[in-house]
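Visitor: Before I ask anything, let me first share the structure, which is written out below as C-alpha cells.
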Amino acid sequence: MIHLLLACTACGNMPMEYTYPEPSDTPQIMGQSIHKAPSALGEGGIAGMIFGDSEKKKAISSGNMIPVNAYLWRASLDTIAFMPLSSADPFGGVIITDWYSPPETPKERFKLSVYILGRQLRADAIRVSVFKERREKAKAWFTANVAKKTGATIEDQILTRARSLRISEKR
C-alpha cells in the first residue's frame, strides 16, 4: 500500500501533456471510424425498426418485446403481489422478492425467486424457489426447511392465473 501511495505522489509534480488524434489518425475499419457514434437512422435505429426484419417489427408493434411468455410474466407478478419486489427482469425472466413475514407468523419470513424459462405457456416454463428463515431467541434469522410442495403450489397458482389471462384476452 505504501509503495502505491509513493508511486502516486511521485507523479504529482510532473507536467502532463495530452495529444488528441487528428481526424486522419482516427482508427478505421473499412473506411468507417471506429469512434463514430451509431446513427439513429441506421440499422439499429429508427430505420432498422421500420425497415428491419419482420419478426422484430411484429414484436415492436404488438408491444411484446419480452423474450419470455407475457402471460406467465403478468401472472407471476399478480400472484406474488403481496410480497415486496427486490428485482424484476422481464428480459431474463427473473423475479426476486424481498423477505416477507406474514402477519400471523412474525417469527418466519419468506423470499421467492420466480424463473420464467420460455415463451410457451407450459408447466415446464416456470420455476419457483422458496426460501424460509426463522427468528430464534437471539433475534438472528436462521435458514428453515420449506416443504417441497410449496414451490409447486405457487407454480400451479401462476399457471392458473396465466391461463385465465390468456382466456380473457382472447374473448
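The values are calculated or read from the model by the stated rules, or taken from the named source; none is laboratory data. The shown structure was predicted, so the numbers you read here are calculated from the model rather than taken from an experiment. In this analysis, Cβ positions are derived from the backbone assuming ideal geometry, glycine residues included, and neighbour counts consider all displayed protein chains.
Visitor: Determine whether Leu159 is part of a helix (DSSP H, G or I), crowded, with 17+ Cβ neighbours inside 10 Å and either in contact (Cβ under 8 Å) with a residue 40 or more places away in the chain or out of contact with any Pro (no Cβ under 9 Å at 6 or more places or on another chain) (or both).
Guide: In short, yes.
Visitor: Checking the structure you have, find out if any residue of the range 127-143 is of a type in the set (A, V, I, L, M), modelled with pLDDT under 95 and assigned by TED's automatic domain parsing to the domain that holds Asp78.
Guide: yes
Visitor: Asp156: at pLDDT 95 or above and either out of contact with any strand residue (DSSP E or B) (no Cβ under 7 Å at 6 or more places or on another chain) or polar (S, T, N, Q) (or both), yes or no?
Guide: yes
Visitor: Continuing with this model, one more query. Among the residues of the range 85-141, write down those that are among the β-branched types (Val, Ile, Thr), in a strand (DSSP E or B) and more than 21 Å from Leu165 (Cβ to Cβ). Lay out the reasoning, then the answer.
Guide: Taking the range 85-141 as the starting set, the residues that turn out to be among the β-branched types (Val, Ile, Thr) are 94-97, 105, 114, 116, 126, 128, 130.
From what's left, in a strand (DSSP E or B): 94-97, 114, 116, 126, 128, 130.
Ile96, Val130, listed by residue number.
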